[in-house]
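The values are calculated or read from the model by the stated rules, or taken from the named source; none is laboratory data. The structure displayed is predicted, hence computed values, not measured ones. With ideal geometry, Cβ positions are generated from the backbone for all residues, glycine too; neighbour counts draw on all protein chains shown. For the accessible areas, the whole protein counts, side chains as well, though only heavy atoms, and no ligand, DNA or RNA atoms are used. Shrake-Rupley method; radii C 1.70, N 1.55, O 1.52, S 1.80 Å.
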Amino acid sequence: MVERRVTIGWSEGLHARPASIFVRAATATGVPVTVARAGGTPVNAASMLAVLSLGAQGGEEIVLASPAEGPEATGAAEAALERLARLVSDGLDELPETV
C-alpha cells in the first residue's frame, strides 16, 4: 500500500470543477487510487460521485492511497500519487499535460 497525505489547495475543496479535474487525473494514472478525508473511509478516486460524497473542504487534509504490490506496481503507484498530490495541493485550474 502506497499512501500520500495532502492538504487541499482549492478554496472550494473537492467540489464541482476541482473534483472533476481530480477524477480525470486519477483516471488518467491507470493505477487504482482511493481518496479519503483524514480518518475517513476511502472511496474510489476515479468516481465523481464518490469524490463529491466526501465533502472535503479547502485546507483540509486528505489521504491518497493505492493498493500496489511488488516493486514495479509500487513505483507506478508512487509516481501517480505524487502527481495527484501536487495537483491537489497546488489547486490547479486545469489538468497539467503531465498527468
I'm told GLY13 meets every condition in (1) in contact (Cβ under 8 Å) with a residue 12 or more places away in the chain; (2) open to solvent by 10 Å² or more (accessible area, probe 1.4 Å) except one. Can you identify the failing condition by its number?
(2)
Please specify each residue of the range 48-67 satisfying the condition of being open to solvent by 40 Å² or more (accessible area, probe 1.4 Å) and farther than 17 Å from SER89 by Cα.
MET48, LEU49, LEU52, SER53, PRO67
Selection from the range 20-34 of residues farther than 18 Å from ALA76 by Cα and surrounded by fewer than 21 Cβ atoms within 10 Å (Cβ to Cβ) yields SER20
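For every residue, the table says whether it meets (1) in contact (Cβ under 8 Å) with a residue 60 or more places away in the chain; (2) under 13 Å from VAL23 (Cα atoms).
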{"site": "GLY40", "(1), (2)": "no, no"}
{"site": "ASN44", "(1), (2)": "no, yes"}
{"site": "LEU49", "(1), (2)": "no, yes"}
{"site": "LEU52", "(1), (2)": "no, yes"}
{"site": "GLN57", "(1), (2)": "no, no"}
{"site": "GLU61", "(1), (2)": "no, no"}
{"site": "LEU64", "(1), (2)": "yes, yes"}
{"site": "PRO71", "(1), (2)": "no, no"}
{"site": "THR74", "(1), (2)": "yes, no"}
Name the single residue that is surrounded by the most Cβ atoms within 10 Å (Cβ to Cβ) among those in the range 1-10 being among the charged types (D, E, K, R) and closer than 19 Å to GLU72 by Cα.
ARG4
